[in-house]
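Read-outs throughout are calculated quantities, based only on the coordinates presented, and are distinct from any laboratory measurement. Note that the coordinates shown come from a computational prediction; the quantities given were computed from them, not determined experimentally. Note: ideal-geometry Cβ built from the backbone for every residue, glycine included; neighbour counts use all protein chains shown.
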Amino acid sequence: MTKLKIKNRLAQDRLMLWSVCLFAALTAVPLLAILGEVLLRGYDQLSWSFFTEPTPTAYKAMKAIEAGAPIPGGIANGIIGTMIMLGMAVVVAVPSGILCGAYLAENPKNRFAQVVSYLTDLLQGTPSVIIGIITYIWVVVPMKGYSAIAGSVALCIMMLPLIIRSTEETLKILPASLKEAGLALGGNKARVMMKVQLPAAFGGIFTGVLLAISRVIGETAPLMFTALGCSFIRFAVDKPISAVPLLIWEFFNDPNLQELIWGASLFLLLFVLTLNLLSKYLAKKWNQ
Amino acid sequence: MESVTPILEFKKTCVSYTKQTMAVKYVSAAIERNTITAIMGPSGCGKSTLLRAVNLMHNLYPNIRVDGEILLNGENILAMEPIDVRRRVGMVFQRPAPFPTMSIYDNVLSGFVLNGIKLSKVEKDATVERCLRSVALWDEVKDVLNKKGTFLSGGQQQRLCIARALAMKPDVLLMDEPTSALDPIATKHIEELLLELQKEVTILIVTHNMGQAKRISSKSMFMYLGELVEYGDTETVFSKPSDERTKAYLTGKMG
Ligand SMILES: Nc1ncnc2c1ncn2[C@@H]1O[C@H](COP(=O)(O)OP(=O)(O)OP(=O)(O)O)[C@@H](O)[C@H]1O
Ligand SMILES: [Mg+2]
């Protein structure tokens, strides 16, 4: 090979490297821009009362703006509503999702399992607004009203496929020797699953649950059809309830409250960021 | 003439992974109680496959067929419940595989947990100590029983796995190259242990190490391409093998 050819190839190599770096930087720009914008605009609003007080009325907000004072009140009603609905959704979605994922991992060739697996994919790809409208028909109409329960059903349906998949994937990459060792001691399949396989897969499953939570915590559309919203702090599960993403939408529609959008957005963003970092950290820790 | 039923007896046992080929072909042999039987043969000749047939491991994979009979105390295990069989036939794998989420203590007791057997604290403590003593691990780990089993060295892990199998008081212990991942000292420990253990349990051990077979086994099997071509007293098999293939393997001309 001539020297020239080698030079050419090295040049190609360098060109490739630079273009990869360039595109990586380009994709990072919008991410950083979003983060920066929300931080800059929302930072001022974060105060203790922002997290402990419910949304102000439009009138109060208007008065404050006229007086040049910061808008009073906060998003406590939304935070509490989000937590209540997430809590109920997690309590149902986590055990059923794990069981379903375990079933899929153990019976990959079974016809029924294949159908369920396909449906899981379908559910994962279903637009959230459709899940909202279905939940409206299934839950809101028979219960004759919007409620936290209806909202949590919608969130639960959205979390299920994510939990099922992460459980299934994690179980499938466990070494077969683990399961065989359990069965070789005389355990039945259910016990080996509960005592050996699921504990060994805990890291992956937990990460999946955290990601599922961070995925649905910002969902707005399904909650519009189900939880509706509520301007005061409420703990009842059979009444309309607020949620942080719903508040953002409400703030956007009310000229007097628009300033509050940024504080609420920042809260949501930081929450999701924390969950993601936590899940990364746990995944690393459990893989050691 | 004695007519004691052998503890384990293969009768024309065949195993096939695919429809076309058999990995184990018509193996017939009777295993005597409280002996160590070594299974030797070149790689891929079906040793692991034969061993795994005994605790019905092949049942986990629907494509694998096992034919013929395998008698445990005169009873055909192929017609028994796998859970029943596996409780009486323990297995130790090539790679030490303590349960990673369990402590050393819980690893020893895992057989009971997996069988849904409840023990009192006193029984648990006694079982753990007895089993760890019988694998000569007690003195090394008695102060760290709550640590994860995976913190131990490879040899210690393997002994822990043997202890875990022994806790269920099996009649037969299957071992698939249990020392191939271990250094010579750990290997020696385990060999001494096996010689001791044969008083309580019948051991079937796959080994690539002819020295090991000579040192510990009283009977030896030699397999070739899925067939059992030689089975007899270890001394005879090594000094006067009756089959040409065994001779070739033992003299290093094959495998
Ligand atoms: N899961 C499997 N699917 C299909 N064929 C298999 C499978 N496991 C083993 N075999 C085949 O069965 C034959 C016997 O394999 P086996 O693992 O019993 O050999 P072995 O004597 O234990 O070899 P080694 O000494 O290398 O462990 C081999 O030809 C192998 O290719
Ligand atoms: Mg093998």
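On a 23 Å Cα-Cα criterion, which of the cross-link pairs A:Lys109/A:Lys280; A:Lys195/B:Lys121; B:Lys47/B:Lys148; A:Lys189/A:Lys285; B:Lys124/B:Lys148; A:Lys179/B:Lys142 come out too long? Each step should come with its number before you reach the end.
Numbers: A:Lys109/A:Lys280 32 Å; A:Lys195/B:Lys121 19 Å; B:Lys47/B:Lys148 32 Å; A:Lys189/A:Lys285 28 Å; B:Lys124/B:Lys148 17 Å; A:Lys179/B:Lys142 27 Å.
As for pairs spanning more than 23 Å Cα to Cα, those are A:Lys109/A:Lys280; B:Lys47/B:Lys148; A:Lys189/A:Lys285; A:Lys179/B:Lys142.
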Exercise for review: Name the long-range amide H neighbours of B:Ile39: under 5 Å, sequence gap of 5 or more, or other chain; modelled H, no Pro or chain starts.
Suggested key: B:Ile205, B:Val206, B:Thr207, B:Met221
Review point. Mind checking the angle between helix B:121-134 and chain B's longest principal axis? C-alpha axes, 0 to 90 degrees, to the nearest 10.
Key: 50 degrees
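Counting other C-beta atoms within 10 Å, and keeping those with at most 14, which DSSP coil trypsin sites (Lys or Arg not before Pro) do you find in region B:174-255? Kindly include the intermediate steps, with their values, before the conclusion.
Numbers: sites: B:Lys188, B:Lys199, B:Lys214, B:Arg215, B:Lys219, B:Arg245, B:Lys247, B:Lys253; in loops: B:Lys199, B:Lys253.
Here the sparse-neighbourhood loop sites are B:Lys199, B:Lys253.
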Practice item. Return the sequence-ordered ³J(HN,Hα) values of region A:16-21 in whole Hz as given by the Karplus equation 6.51 cos²θ - 1.76 cosθ + 1.60 applied to θ = phi - 60°, using x for Gly and Pro. Key: 4, 4, 4, 5, 4, 4
Review point. Using modelled backbone amide H atoms (1.01 Å from N, in-plane), which distant-in-sequence or interchain residues come within less than 5 Å of A:Ser242's amide H?
Key: A:Gly81, A:Cys230
Check your understanding: Under the rule of -39500 (n - 2.57) per DSSP H run of 4 or more residues, summed and divided by the residues of the protein assembly as shown, what mean residue ellipticity at 222 nm is obtained, to the nearest 500 deg cm²/dmol?
Key -> -17000 deg cm²/dmol
Exercise for review: With springs only between Cα atoms under 10 Å apart, run a GNM on chain A and tell me which of A:Phe267, A:Phe23, A:Phe50 wobbles the most.
Suggested key: A:Phe23
Study note, to complete from the structure: Amide H proximity to B:Gly68 below 5 Å, modelled H, separation 5+ or other chain, gives B:Cys14
Point to revise | Set of aspartates and glutamates with alpha-carbon distance to A:Lys172 below 12 Å, sequence-local pairs under 8 removed | key: A:Glu106
Review point. How large is ³J(HN,Hα) for each residue in region B:223-236, as worked out from phi by the Karplus curve 6.51 cos²θ - 1.76 cosθ + 1.60 (θ = phi - 60°), to whole Hz, x for Gly and Pro?
Key: 10, 8, 6, x, 9, 8, 9, 8, 8, x, 4, 4, 4, 5
Review point. Order of B:Val237, A:Val237 from fewest to most other C-beta atoms within 10 Å?
Key: A:Val237, B:Val237
Study note, to complete from the structure: Which of A:Ser147, A:Ser96, A:Ser242 fluctuates most in a GNM of chain A (C-alpha springs under 10 Å)? That residue is A:Ser96
Exercise for review: Using a Gaussian network model of chain B whose springs link C-alpha atoms within less than 10 Å, name the residue from B:Thr18, B:Thr234, B:Thr37 with the highest mean-square fluctuation.
Suggested key: B:Thr18
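What order do you get for A:Met62, A:Met193 when you list them from fewest to most C-beta neighbours inside 10 Å? Please list the in-between numbers first.
Working: A:Met62 16, A:Met193 22.
Sorted ascending by nearby Cβ count, the order is A:Met62, A:Met193.
For region A:1-146, what class follows from the C-alpha gyration tensor (a ≥ b ≥ c being the square roots of its eigenvalues): rounded when a/c is under 1.5, otherwise prolate if a/b is larger than b/c, else oblate? Spell out each step's value before the answer.
On the way: a/c = 3.40, a/b = 1.22, b/c = 2.78.
Note, shape of region A:1-146 comes out oblate.
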Check your understanding: Got a sec to turn the phi values of region A:85-102 into Karplus ³J(HN,Hα) couplings, 6.51 cos²θ - 1.76 cosθ + 1.60 with θ = phi - 60°, whole Hz, x for Gly and Pro?
Key -> 5, 4, x, 5, 5, 5, 4, 8, 6, 5, x, 5, x, 5, 4, 5, x, 5
